[in-house]
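Everything below concerns the one structure shown next.
The values are calculated or read from the model by the stated rules, or taken from the named source; none is laboratory data. Keep in mind the model is a prediction, meaning the values are calculated, not measured. Methodologically, a virtual Cβ is constructed for each residue, glycine included, from the backbone with ideal geometry; neighbour enumeration extends over all protein chains shown.
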Amino acid sequence: MLYFNLNGQYYPDNELVLGVRNRAFRYGDALFESMHSNGMNVYFFEKHFARLSTGMKMLKMEIPYSFSKVFLENEIEGTLHKNRLFQGARVRLMVFRNGGGLYSPETNKISYLIEVEKLDTDTYDLNTKGLIIDIYKEARIARSSFSNLKTANSLPYILAAIYRDENKLDECVLLNEADELVEGTGSNVFLVWKESLFTPNLASGCVAGVMRHQILSIAKELNMRIITDFKLTEKELNACDEVFFTNAVKGIRWAVAYKNKRYFNRFSRIFHNKLIEIQ
């Protein structure tokens, strides 16, 4: 049995402890971080904590003085040990606003919830079989000042994942209202064309991914030409040499095909090897 950590207390994962007035349940009034741990340390936790703190300030959540990077690292480590997960694990840290109320909250104080589950590997593992991908066009990503945050409002990604599974695909690319490529169902997307690296700008509505930031840093070290101010569309998906997806749990996953288009994976492998070096 697995246990989750709610405000420092452990509960079996089948125990109901959140009421129907919970604001994360009612309104999606919550933020979360999905992370990869080797059982002892969470990879790139400093960047996860920085993004979470930024999001809490933007959503006007009251951040307790004790809610520090060191405090959360200790809480995550304790939750991993409670579940006897001493190797690869997925960690999900959620922060939500307390109290009831309608759209107007009764308080801005917060609670935190930590969930963990076993992963197959301690480190990032590059996929051996390329992904079959498509574009999902029905539910669009809305661009706003909150688009880059990891909030609990995830309906476009849920619907895209349903479309992906119904059509026996491996991944889908979501669009915004301007028909620009934005991101995958839970990952940022990168294109390589003529040894230049393209990825949607944050203004497109994509999440400011921790792994996105890491890949851009590696690309700078490799002296690659980085292009983030170009509006990517389906045309570029058909023209580029490589496509790969990134997130903090799985690392890099490369695509092999979009409809009749086929891709290589040279740079996907280069980035993966660099990523393993800095873990």
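Annotations
- For the range 130-143, the criterion of a residue being more than 30 Å from Phe264 (Cβ to Cβ) and assigned to a loop (DSSP other than H, G, I, E, B) is satisfied by at least one position.
- Taken over the range 93-115, the criterion of being surrounded by 14 or more Cβ atoms within 10 Å (Cβ to Cβ) and closer than 12 Å to Tyr27 by Cβ is satisfied by Phe96, Arg97, Gly99, Gly101, Pro105.
- The number of residues in the range 86-128 that are among the aliphatic types (A, V, I, L, M) and under 26 Å from Lys274 (Cα atoms) comes to 4.
- In a residue-by-residue description of the range 75-88, the property of being closer than 23 Å to His213 by Cβ, surrounded by fewer than 20 Cβ atoms within 10 Å (Cβ to Cβ) and not assigned by TED's automatic domain parsing to the domain that holds Val249 applies to at least one position.
- Within the range 220-258, considering residues that are touching a Lys or Arg at 6+ places or on another chain (Cβ under 9 Å) and free of Cβ contacts under 8 Å to residues at least 40 places away in the same chain, the one nearest to Thr128 (Cα to Cα): Asn238
- Leu131 in contact with a Leu (Cβ under 9 Å, 6 or more places away or on another chain), closer than 30 Å to His272 by Cα and surrounded by 19 or more Cβ atoms within 10 Å (Cβ to Cβ): yes
- Verdict on Glu15 being out of contact with any strand residue (DSSP E or B) (no Cβ under 8 Å at 6 or more places or on another chain), over 18 Å from Lys150 (Cα atoms) and surrounded by fewer than 16 Cβ atoms within 10 Å (Cβ to Cβ): yes
- Leu102 being in the same structural domain as Ser34 (by TED's automatic domain parsing), at pLDDT below 95 and more than 22 Å from Ile270 (Cα to Cα): yes
- Checking each residue in the range 31-65 for being of a type in the set (A, V, I, L, M, F, W, C), in contact with a Phe, Trp or Tyr (Cβ under 8 Å, 6 or more places away or on another chain) and farther than 12 Å from Leu149 by Cα picks out Met35, Met40.
- 2 or more residues β-branched (Val, Ile, Thr) and either more than 17 Å from the chain's Cα centre (by Cα) or surrounded by 17 or more Cβ atoms within 10 Å (Cβ to Cβ) (or both): qualifying strands (runs of 3 or more DSSP E) within the range 183-279: 188-193, 225-227, 242-247, 251-258
- Met40 outside the structural domain of Asn153 (by TED's automatic domain parsing) and loosely packed, with under 14 Cβ neighbours inside 10 Å: yes
- Breaking point among (1) within 24 Å of Leu216 (Cα to Cα); (2) surrounded by fewer than 18 Cβ atoms within 10 Å (Cβ to Cβ), for Ser147: (2)
- Number of the condition not met by Leu216 [criteria: (1) farther than 22 Å from Val182 by Cβ; (2) touching a strand residue (DSSP E or B) at 6+ places or on another chain (Cβ under 7 Å); (3) without any contact (Cβ under 8 Å) to a residue 24 or more places away in the chain]: (1)
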